[in-house]
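Have a look at the structure below, then the notes.
The values are calculated or read from the model by the stated rules, or taken from the named source; none is laboratory data. Note that the coordinates shown come from a computational prediction; the quantities given were computed from them, not determined experimentally. In this analysis, Cβ positions are derived from the backbone assuming ideal geometry, glycine residues included, and neighbour counts consider all displayed protein chains.
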Amino acid sequence: MKFTEDHEWLRVEDDLVVVGITEHASTQLGDVVFVELPEVGTRVAAGDEIVVIESVKAASDIVAPVDGEIVEVNEAIVDEPGKVNEDPLGEAWFFKLKVEDMDEIDKFMDEDAYNDFVG
Amino acid sequence: MTELKRLVLHELHEELGARMVPFAGYEMPVQYLAGVMAEHTHTRERAGLFDVSHMGQVILRADSYQTVALALEALIPVDIAGLAEGRQRYGFFTDAQGGILDDLMLANRGDHVFMVVNAACKAADIAYMRAALEPQGIGVEEITDRALLALQGPMAGAVLAAHAPAVADMRFMDVAVLDIGGAECWLSRSGYTGEDGFEISVPNAAAGDFARALLADDRVLPIGLGARDSLRLEAGLCLYGHDIDTGTTPVEAGLTWAIQKARRPGGAREGGYPGAGRIARHLADGPPRRRVGLRPEGRAPMREGVTLFATEAGGEQIGTITSGGFGPTVGAPVAMGYVPAQFAAPGTRLWGELRGRRQPVTVAELPFTPANFKR
């Protein structure tokens with residue numbers, strides 16, 4: 001699993017990348033009450049704000065970590081946003097991205113580096 | 001930037017795992033380990049302990065309660081002279097335009113007035129009262145050696161009665177001075193959550209032991225500012241600086257109930273406070289705009305600053321949301337805001353602009369959750 005400075009995790013599944021938010025991010029956000037996901041088929045560029053996530057405290061965005069195409073989204077977290085707090089690294093993934101250049105994923109942090117990053 | 005002030009119970013908050021944030025010049029607990037949602041629900045169902053020691057506590061004293069009351073009525077459009085001993089009232093300072101300088105609670109404590117004001121406004125309030133009242137021989141004393149705790153929720157009465165049995169006899173908006181564990185505590189049966197509960201002014205030296213004794217009761221959890229905000233929002237209560245300020249009159253804000261008959265046109269002590277003319281016009285003709293409850297459709301919260309429109313197509317903006325978020329007890333987003341009077345009827349469908357899209361929002365009755373006071 002890889003981690004971004006935007007507190008996302010990336011897990012490679014064959015030619016897809018599954019994206020979610022880290023435990024740290026979910027704790028910082030607090031109770032998540034609303035998630036809006038992009039439409040399947042959307043082509044995204046790294047840095048695009050493609051998910052809206054609202055907690056009891058504030059609204060924030062999740063950005064596309066790399067260029068690609070959204071091929072699947074997790075409707076379960078739209079129906080039950082609380083899952084993002086309960087199981088951010090597992091059940092509460094956000095979207096799957098078909099990535100053009102898988103090598104892009106290697107540039108992100110591994111778990112140790114991410115843990116150092118959040119201190 | 002000035003140094004943040006620390007609460008007397010700062011160490012206790014850290015011990016309890018609070019996340020501290022700057023608020024009104026203080027380092028305040030915004031949430032504890034349970035998190036905002038659980039803290040909110042716990043307060044609605046059991047009892048929550050809030051540290052609101054940042055708020056201003058003031059004693060106003062002269063030769064009699066009546067002297068203070070009549071002088072204060074020149075600043076506050078509330079029937080203070082007619083307030084019975086041992087009772088408390090909600091009120092506000094108005095400015096010359098009828099706007100609200102701050103909202104407050106004041107109590108008749110026999111020979112003096114005890115007042116609680118907002119933290120962000122307390123320095124200005126006290127300076128204002130000193131300038132207006134001291135020349136009339138009224139002493140304005142800021143109480144700085146006391147913490148202020150709020151115990152709120154349906155079990156608050158039972159929890160507190162274990163430490164002070166006399167609280168069982170208090171009704172909503174009663175005040176009392178009681179000995180709790182050897183400390184002289186000033187209590188009111190009130191709060192800002194829509195639930196039954198108490199605000200308790202405790203000497204600083206006794207505050208830690210008292211708070212720990214309450215928290216030792218398994219019905220009580222510590223509750224931070226995050227849940228305090230969602231609780232008061234669901235209860236339809238105004239947050240100063242957001243839902244009310246110098247740009248809103250009490251009539252626009254739906255606080256007409258706080259201006260008793262004696263202070264309204266035709267009353268025994270009508271007017272005589274700053275902005276009375278404009279407020280009287282709003283009372284007679286209806287205000288041009290009103291604070292309303294708003295229920296966004298769907299799950300996306302509409303927060304402070306969201307602009308409101310009469311139609312999905314947009315056109316001219318008709319209003320703004322002044323408080324909004326997710327209501328844990330309602331189980332859906334809730335908000336308050338100002339709209340022109342013709343759009344203020346419950347059931348009116350409006351549109352709020354969220355991330356560039358207009359989404360439906362319906363005007364709703366306030367409060368969103370029924371008040372649960374011990375009348």
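Please go through the stretch B:120-135 and give me each residue that is of a type in the set (D, E, K, R), more than 15 Å from B:Ile76 (Cα to Cα) and without any contact (Cβ under 8 Å) to a residue 40 or more places away in the chain, ordered by number. Reasoning before the result, please.
First, pick out the residues of the stretch B:120-135 that are of a type in the set (D, E, K, R): B:122, B:125, B:130, B:134.
With more than 15 Å from B:Ile76 (Cα to Cα) added as a condition, the list becomes B:122, B:134.
Listed by number, the list holds a single entry, B:Glu134.
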Practice prompt. Output the residues belonging to the stretch B:309-349 that are of a type in the set (A, V, I, L, M, F, W, C) and surrounded by fewer than 23 Cβ atoms within 10 Å (Cβ to Cβ).
Written response: B:Phe309, B:Ala310, B:Ala313, B:Ile318, B:Val330, B:Ala332, B:Val339, B:Ala341, B:Phe343, B:Ala344, B:Ala345
Discussion item. Given the options B:Pro274, B:Pro222, B:Pro203, B:Pro250, name the one that is more than 24 Å from B:His10 (Cβ to Cβ), more than 18 Å from the chain's Cα centre (by Cα) and away from chain A (no Cβ under 14 Å).
Written reply: B:Pro274
Worksheet entry | Condition met for A:Val33 (assigned to a strand (DSSP E or B), within 12 Å of chain B (Cβ to nearest Cβ) and of a type in the set (Val, Ile, Thr)) | yes
Item to complete: From the list B:Val68, B:Val52, B:Val78, pick out the single residue that is among the β-branched types (Val, Ile, Thr), surrounded by 17 or more Cβ atoms within 10 Å (Cβ to Cβ), more than 21 Å from the chain's Cα centre (by Cα) and more than 14 Å from chain A (Cβ to nearest Cβ).
Response: B:Val68
Discussion item. Exactly one of these conditions fails for B:Gln31: (1) among the polar types (S, T, N, Q); (2) surrounded by 19 or more Cβ atoms within 10 Å (Cβ to Cβ); (3) out of contact with any Gly (no Cβ under 9 Å at 6 or more places or on another chain). Give me its number.
Written reply: (3)
Worksheet item: Out of the stretch A:72-87, which residues are away from chain B (no Cβ under 14 Å) and either under 11 Å from the mean Cα position of the chain (by Cα) or crowded, with 16+ Cβ neighbours inside 10 Å (or both)?
Response: A:Val73, A:Asn74
Practice prompt. Within the stretch B:325-334, identify whether any single residue is more than 26 Å from A:Leu29 (Cβ to Cβ) and over 18 Å from the mean Cα position of the chain (by Cα), and answer yes or no.
Written response: no
Worksheet item: So, of the residues in the stretch B:328-343 that are under 24 Å from B:Glu252 (Cβ atoms) and touching a Pro at 6+ places or on another chain (Cβ under 9 Å), which turns out to be farthest from the other protein chains (Cβ to nearest Cβ)?
Response: B:Ala341
Discussion item. Go through (1) assigned to a helix (DSSP H, G or I); (2) surrounded by fewer than 20 Cβ atoms within 10 Å (Cβ to Cβ); (3) within 14 Å of chain A (Cβ to nearest Cβ) for B:Glu11 and report which single condition fails.
Written reply: (3)
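Per-residue answers, yes or no, for (1) in a strand (DSSP E or B); (2) surrounded by fewer than 20 Cβ atoms within 10 Å (Cβ to Cβ):
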residue: B:Leu148; (1), (2): yes, no
residue: B:Ala158; (1), (2): no, yes
residue: B:His163; (1), (2): no, yes
residue: B:Val202; (1), (2): yes, no
residue: B:Asp218; (1), (2): no, yes
residue: B:Arg228; (1), (2): no, no
residue: B:Gly247; (1), (2): no, yes
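Can you pull out the residues in the stretch B:117-146 that are part of a strand (DSSP E or B) and out of contact with any Lys or Arg (no Cβ under 6 Å at 6 or more places or on another chain)?
B:Val117, B:Glu141, B:Glu142, B:Arg146
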Response to the item:
Inside the stretch B:104-127, the number of residues satisfying the requirement of being farther than 15 Å from B:Glu141 by Cα, of a type outside the set (A, V, I, L, M, F, W, C) and surrounded by fewer than 23 Cβ atoms within 10 Å (Cβ to Cβ) is 2
Fill in: Sole exception among (1) crowded, with 20+ Cβ neighbours inside 10 Å; (2) within 26 Å of B:Ala280 (Cα to Cα) for B:Gln97, by number
(1)
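Before we move on, is B:Val30 touching a helix residue (DSSP H, G or I) at 6+ places or on another chain (Cβ under 8 Å), within 14 Å of chain A (Cβ to nearest Cβ) and assigned to a strand (DSSP E or B)?
Yes.
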Worksheet item: Among the residues of the stretch B:249-266, which ones are touching a residue at least 12 places away in the same chain (Cβ under 8 Å) and outside any helix (DSSP H, G or I)?
Response: B:Thr249, B:Pro250, B:Val251, B:Glu252, B:Ala253, B:Gly254, B:Leu255, B:Ile259, B:Gln260, B:Arg264, B:Pro265
Worksheet item: Quick one: which strands (runs of 3 or more DSSP E) sit completely within the stretch B:287-333 and have at least 3 residues that are more than 13 Å from B:Trp351 (Cβ to Cβ)?
Response: B:289-296, B:314-327
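Yes or no, residue by residue, for (1) in contact with a Pro (Cβ under 8 Å, 6 or more places away or on another chain); (2) under 30 Å from B:Thr320 (Cα atoms):
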{"site": "B:Ala150", "(1), (2)": "no, no"}
{"site": "B:Arg171", "(1), (2)": "no, no"}
{"site": "B:Ser190", "(1), (2)": "no, yes"}
{"site": "B:Gly224", "(1), (2)": "yes, yes"}
{"site": "B:Ile259", "(1), (2)": "yes, yes"}
{"site": "B:Pro265", "(1), (2)": "no, no"}
Response to the item:
Going through the stretch B:130-144 in order, the residues found to be over 12 Å from B:Arg61 (Cβ atoms) and within 21 Å of the chain's Cα centre (by Cα) are B:Glu142, B:Thr144
Worksheet item: Hey, any hits in the stretch B:84-92 for a residue that's among the aromatic types (Phe, Trp, Tyr) and under 14 Å from the mean Cα position of the chain (by Cα)?
Response: yes
Practice prompt. Go through (1) assigned to a loop (DSSP other than H, G, I, E, B); (2) within 14 Å of chain B (Cβ to nearest Cβ) one by one and return the number of the condition A:Glu91 breaks.
Written response: (2)
Worksheet entry | Only listed residue being farther than 18 Å from A:Leu16 by Cβ, modelled with pLDDT of 95 or more and not hydroxyl-bearing (Ser, Thr, Tyr), chosen from A:Asp61, A:Asp112 | A:Asp112
